[in-house]
Amino acid sequence: MGNRLSRIYTRTGDDGSTGLGDGSRTGKDSARVAAYGTVDEANSAIGLILAAPKVDEAIGALLTTLQHQLFDLGGELSIPGHAAITAADVAALEQHLDRYNDTLPPLRDFILPAGGEAAARCHLARTIVRRAERQTVALARLEPVRAEAIHFLNRLSDLLFVLARVLARADGAGEVLWNHQRRHHSP
């Protein structure tokens, strides 16, 4: 690969455009850039989970794998017509979802995005992945996007929700349930 990133600034984006992976240029405010940029943001948020204390080795390994896949997905979205995420990647997310969800009690109420540092960071990553999914769907209304990319983001946000529940329990903080009746009672 050589020294692809030997120079960080090129000045080519000073006009509000950016280069796509295929060499073409588009506006920095395009739907494609919004989609892969938010995938990058989600990847960074997962890095924040990994930096939190009390993340066990198995979850840490899974999160690192997810970061690599998000990098692949960002590449797919930055190169029109490129394919990187597969149906097998989506199926693997579903297997992780089932395995981790089976360890949790059924959810009877909504939970707040809390439950300790790692869990809260995981909830933040989940919401960023949801935004990446919305922006990828918006891109798909304008240009061809493979269904696997959207499916992957959808399952990933579900997995991050389940992992946040697991992390909240592992931290000892537990899940914080939404108190929907709080408005009906005076403090």
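Observations, loosely collected:
- Full extension of the chain between Ala51 and Arg25 gives 5.9 nm of extra length, using 0.36 nm per residue less the Cα-Cα distance.
- Theoretical gain in end-to-end length, Ala88 to Arg134 [0.36 nm per residue, Cα-Cα removed]: 14.4 nm
- Overall, the accessible surface of segment 101-161 at a probe of 1.4 angstrom is composed of carbon and sulfur to the extent of 54 percent.
- Amide H contacts under 5 Å for Arg25, placed H, 5+ residues apart: Leu20
- Near Val55: Cβ cut-off under 12 Å, other residues only, Lys/Arg at +1 and Asp/Glu at -1. The net charge is -2.
- Under 12 Å, Cβ to Cβ, from His151 - net charge with Lys/Arg +1 and Asp/Glu -1: -3
- Available extension along the chain between Ala114 and Glu41 is 24.3 nm, counting 0.36 nm per residue and deducting the alpha carbon span.
- Debye log10 I(q)/I(0) for segment 21-166, one point scatterer per Cα, at q = 0.13, 0.18, 0.20, 0.21 Å⁻¹: -0.56, -1.00, -1.19, -1.29
- Under the combined filter of DSSP loop state and at most 10 neighbouring Cβ atoms within 10 Å, segment 104-175 retains these trypsin sites (Lys or Arg not before Pro): Arg108.
- Entry note: segment 106-187 has Rg to Rh equal to 1.12, where both radii use alpha-carbon atoms and Rh is the Kirkwood radius.
- Measuring between their Cα centroids, segment 108-174 and segment 80-99 lie 15 Å from each other.
- Annotation: per residue accessible area for segment 27-171 equals 48 Å², rounded to a whole number [probe 1.4 Å, protein chains only].
The values are calculated or read from the model by the stated rules, or taken from the named source; none is laboratory data. Since this is a predicted model, take the numbers as computed values, not measurements. Cβ sites come from the backbone with ideal geometry, for glycine too, and all protein chains shown count toward neighbours. The accessibility values were calculated without ligands, DNA or RNA, using every heavy atom of the protein model including side chains. Shrake-Rupley method; radii C 1.70, N 1.55, O 1.52, S 1.80 Å.
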